[in-house]
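Read the structure below first, then the notes.
None of the figures in this text is laboratory data; all of them are computed from the coordinates on show. This is a predicted model, so every value here is computed, not measured. For neighbour counting, all protein chains shown are included, and Cβ atoms are generated from backbone atoms with ideal geometry for every residue, glycine included.
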Amino acid sequence: MARVAVRRSFDVDVPADEAWRRLAEVERWPEWAPHISGVTVTPAGPLTPASSGTLRIRRFGQNTFRMSAWDPPDRWQWTGGLPGVRILYDHAFAPVGDGATTTLTWTVSLDGPMAVVVRPVFSRVYGGFADRAIPRLQQWMLA
């Protein structure tokens with residue numbers, strides 16, 4: 001069973017449909033996520049239920065992903081991994097109040113035979129990446 005390694009909830013000052021549309025432009029993530037040096041998505045363009053791809057993480061190499069849940073406009077999840085570890089990246093969108101603001105919740109869970117060994121280091125490193133990227137994403141959403 002997958003256990004949560006990182007969870008972050010934060011607001012962006014755009015409606016949920018706009019937050020979804022912008023975040024689904026995964027190839028543009030290096031604009032706000034300094035730990036990501038490049039992204040390849042197949043098929044190219046915004047995410048779809050059939051999307052898969054590769055994130056190039058600075059100093060850590062590549063991580064592939066494939067869509068594993070698709071529930072617009074509420075959430076999507078993709079699955080990636082490391083040897084012996086399956087990583088589930090969940091992206092949830094919830095309108096706030098009058099709908100002009102959206103709460104994004106990112107939950108990253110790990111399972112597999114090596115998850116218990118990898119989780120503490122992954123949590124610290126990936127959590128740090130998220131903490132640095134979130135304020136940049138909040139500004140990027142407004143641009």
Report summary line: Ranked on Cβ counts within 10 Å of their own Cβ, fewest leading, Met114, Met141 go Met114, Met141
Query - Which labelled figure in (1) 0.92; (2) 1.08; (3) 0.94 is Rg/Rh (Cα atoms, Kirkwood Rh), once derived from the coordinates - result: (3)
Requested in this report: With an 8 Å cut-off on Cα pairs and a minimum separation of 6 or more residues, tell me the relative contact order of the chain in percent.
Outcome: 31 percent
Query raised in the report: Between Asp98 and Met1, what length comes free when the chain is fully extended (0.36 nm per residue of separation minus the Cα-Cα distance, one decimal in nm)?
Result: 31.2 nm
**Report entry** Paramagnetic reach from Thr48 in segment 62-105 [backbone N under 16 Å; point 7 Å along Cα→Cβ]
**Finding:** 66-72
**Report entry** Ser9/Gln138 FRET efficiency (R0 22 Å; Cβ-Cβ; nearest 0.05)
**Finding:** 0.95
Query raised in the report: Label Asp74 and Val125 with points 7 Å out from Cα along Cα→Cβ: what is the distance between them in nm?
Result: 3.4 nm
Query raised in the report: Can you give the extra length, in nm with one decimal, that the chain gains between Phe60 and Glu25 once fully stretched, where that is 0.36 nm per residue apart less the Cα-Cα distance?
Result: 10.4 nm
